[in-house]
Amino acid sequence: MPQTALLFQMLGLLMAIGAIAGVLAGLLGVGGGIVLVAAFYYAFQTLGYDSPQLMQICLATSLATIIVTSTRSVLSHAKSGVVDWEVLKSWAPGITIGALLGVLAASQLRSQTLLGIFAVLGIAIGLYMGFGRKDWRLGQSMPTGLARAVFSPVMGFLSVLMGIGGGSFGVPLMTLYGAPIHRAVATAAGFGVLIALPSVIAFLFVTVDPAMRPPFTYGAVNAIGFLVVIAMTLITTPFGVRLAHAMNPAPLRRIFAVFLIAVALNMLRKALEW
């Protein structure tokens, strides 16, 4: 296949992925990483870049987009004064350490193993999105001391192994500990920056076989995927926001939860080679 034709196919797939991710982010408030990792995997595999390191590329590229989207989100929320800066500052060291450990683990694991991890955690997130209740509580304030020392690196570690920001784990955690949803969403955007920035820098130093990686991949980060998805999400996220104001997003979240579980189950099937 001519290189130019391959690049155009790649560009078209990535534009579609970015457009859909932007609409879903605006409509449902879901983190882009949940959608992007699976979409990148299927797109790059379809283009012929299936390899033992494919999931590393998908995770790293997804996290690169999260640097931009989470920074934009947290700065926007900061203007409304709903970001809990004390929680961000106190959780930052543990999250950063966990994120770097996540890159170290991901760089040593094969795609099949990372697929399985993504699938299991994706099913758990989908179940929480679909069936979690707003009145569930584990406490009245965010954990401190030993509990924070455990939870913060675990959040960073698992988020990197899924290629996601702070929303999928941070929002449920904060609401379970009594934080209002708006404060949880705003602060979790800050978690996303803490997770994505150090992990992407580390992923740039991960060695990937040049013969098995998509064009313009540096370390494990695909620059085309990053740039195209960012551009498309900036265009389509406002459209998703308008849709959210025009309809009730609650049943749509349940539909998306079912979709996410189905995608995760298919990825688990691939991981188990069924």
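The values are calculated or read from the model by the stated rules, or taken from the named source; none is laboratory data. Predicted model, so just to flag it, every value in this text is computed and none were measured. Glycine also receives a Cβ, built like all others from the backbone with ideal geometry; neighbour counts cover every protein chain displayed.
Some notes on this structure:
- Filtered residue count, region 227-247, keeping only those that are surrounded by fewer than 14 Cβ atoms within 10 Å (Cβ to Cβ) and modelled with pLDDT of 90 or more: 0
- Residue satisfying condition, being loosely packed, with under 14 Cβ neighbours inside 10 Å and at positive phi, within set Gly145, Gly163: Gly145
- Within the option set Ala223, Ala196, being among the small types (Gly, Ala, Ser) and surrounded by fewer than 16 Cβ atoms within 10 Å (Cβ to Cβ) holds for one residue only, Ala223.
- Residues located in region 220-250, provided they are more than 19 Å from the chain's Cα centre (by Cα) and part of a loop (DSSP other than H, G, I, E, B): Met247, Asn248
- Per this entry, Phe216 is not counted among residues that are at pLDDT 90 or above and crowded, with 22+ Cβ neighbours inside 10 Å.
- Any hit, region 190-200, residues being modelled with pLDDT of 95 or more and either in contact with a strand residue (DSSP E or B) (Cβ under 7 Å, 6 or more places away or on another chain) or more than 24 Å from Thr69 (Cα to Cα) (or both): yes
- Leading residue by the ranking (farthest from Ser90 (Cα to Cα)) among those in region 135-177 that are modelled with pLDDT of 95 or more and among the β-branched types (Val, Ile, Thr): Val160
- Any hit, region 27-35, residues being farther than 25 Å from Gln108 by Cβ, more than 10 Å from the chain's Cα centre (by Cα), at pLDDT below 90 and in a helix (DSSP H, G or I): yes
- Any hit, region 185-199, residues being among the polar types (S, T, N, Q) and assigned to a helix (DSSP H, G or I): yes
- Scanning region 82-134 for residues that are at pLDDT below 95, of a type in the set (Phe, Trp, Tyr), farther than 17 Å from Leu59 by Cα and surrounded by 15 or more Cβ atoms within 10 Å (Cβ to Cβ) turns up just one, Tyr128.
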